[in-house]
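To keep things clear, I will list the structure first and then write my remarks on it.
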Amino acid sequence: MPVGRPPKKTETLEIRLPPETKAAFMARCQGARRTASEALRALALRRAWLDLPPRALLLRLLLAPWLCALALQELVYLVNGAGVKLGLLAFPPGTPR
């Protein structure tokens, strides 16, 4: 790699498929309104996530609901905080509602 050049953020993948397989895949992607790249990225991510040692996969599956709940709780907190601020701006103290 040349000195001074930052590393690439993405890589390319070249695969060979029979024409019928490619046509069927592209038709399926078009029907789902997604690009072939999006579909392949999702597949690669899913495989990378699921092809873990059983212990690591179990840990992820056990932690996922808790992490989602925590993220949702933070989102609700932010929305409520923004709502309170907006409410105070819309109705300053002493204004009849």
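The values are calculated or read from the model by the stated rules, or taken from the named source; none is laboratory data. The model shown is predicted, which means the values in this text are computed figures rather than measured ones. Cβ coordinates were reconstructed from backbone atoms using ideal geometry, including for glycine residues, and neighbour counts include every protein chain displayed. Heavy atoms of the whole protein, side chains included, go into the accessibility calculation; ligands, DNA and RNA do not. Shrake-Rupley method; radii C 1.70, N 1.55, O 1.52, S 1.80 Å.
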From the C-alpha gyration tensor of region 1-60, square roots of 5λ in Å: 26, 23, 11
Heavy atoms of residue 11 accessible to a 1.4 Å probe, total area in Å² rounded to 10: 140
Difference of contour (0.36 nm per residue) and Cα-Cα distance, residue 9 to residue 67: 18.2 nm
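Under 1.5 on a/c is rounded, so check that first for region 29-69, then, if it is not, pick prolate when a/b is larger than b/c and oblate when it is not; a ≥ b ≥ c are the square roots of the alpha carbon gyration tensor eigenvalues.
Judged from the Cα gyration tensor, region 29-69 comes out oblate (a/c at least 1.5, b/c at or above a/b).
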Å² of accessible area per residue within region 1-73, as computed with a 1.4 Å probe and no ligands counted: 99
Within-13-Å neighbourhood charge of residue 26 [Cβ basis; K, R +1; D, E -1]: +2
Contour minus Cα-Cα distance for residue 60 and residue 44 (0.36 nm per residue): 4.0 nm
